[in-house]
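Participant: Take a look at this one; I'll ask things after.
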Amino acid sequence: MVMEKNWTDVLLYFVPAALILGGMYLVIKKFIDRDQQIRMMEMKKGMQKDSLPLKLQAIERMVLFLERISPDTLLPRLHRGGISSGQLHSDLLSTIRSEFEHNLTQQVYLSNEVWSEVKNAKEELLKIINMAASETGQQATGVHLSSKIFDIMIKDENYPHLAAVEALKREARELIG
C-alpha cells in the first residue's frame, strides 16, 4: 500500500509536469515554425524584388525582337535594289531565326504562356513568308515578295507579332502591379 502511494505521488507530480513540458514544446515549435515561414517569405520577396528588373528587361527584349521581325520593319531593312524573291525569302528566314536564337535565353524570365505566344508569332510569321514565297516563285522580284507578304497579312487580318506584344505588355503590368 505504501508502494502504491509512492507511485501515485510520483504520477501526481510527473504527469502534470510532462503535460506542461509537452505543451511548452508545441508552443515553442509553432513559434519557431512561424518564424521560419516569415524568414522564407522575406527571402522570397527579396528574390522577387531582385528578379523584377531581369523579368522586365526580358519583356523589353522580346518586344524589341517582335518589332524587329515584323514585316514592316524587317522588309525595308533587308530589301536591296534588284534582289530576287528567292534571295529575299532566304534572308528573311535567316534573319528571323537568328534574331530568335539571339533572344532564346529570355524565356527563363517569361511565363510559359507568354513564351508560347512569342514562339507562335515567330512561327506564324515564317508561315506567312513561306506562303508568299511559294505564291511568287523564286524568280520574282523582292518587291513582289514584299507586296505578297503584306497582301496575305492584310487579307487574313493576321498580324502575329501584335498578339505576342499584347501578351508581353500584360505580363509586364502584372509584374509591376
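Participant: Which residue pairs have Cβ atoms under 6 Å apart, sit 6 or more places apart or on different chains, and have a first residue in the range 140-151 that is more than 15 Å from LEU126 (Cα to Cα) and a second that is hydrophobic (A, V, I, L, M, F, W, C) and crowded, with 20+ Cβ neighbours inside 10 Å?
Facilitator: Pairs that qualify, where the first residue is more than 15 Å from LEU126 (Cα to Cα) and the partner is hydrophobic (A, V, I, L, M, F, W, C) and crowded, with 20+ Cβ neighbours inside 10 Å, are GLY142/LEU88.
Participant: Right, something else. Between ARG170, ARG68, ARG80, ARG61, which is basic (Lys, Arg), assigned to a helix (DSSP H, G or I) and more than 18 Å from the chain's Cα centre (by Cα)?
Facilitator: It is ARG68.
Participant: So the check is Cβ under 6 Å with 6+ separation or different chains; which pairs have a first residue in the range 88-110 that's part of a helix (DSSP H, G or I) and a second one that's of a type outside the set (Gly, Ala, Ser) and surrounded by fewer than 18 Cβ atoms within 10 Å (Cβ to Cβ)?
Facilitator: ASP91/LEU78; GLU99/ARG68; GLN106/ARG61; TYR109/LEU54
Read-outs throughout are calculated quantities, based only on the coordinates presented, and are distinct from any laboratory measurement. Given the structure is predicted, the values throughout are model-derived calculations rather than measurements. Note: ideal-geometry Cβ built from the backbone for every residue, glycine included; neighbour counts use all protein chains shown.
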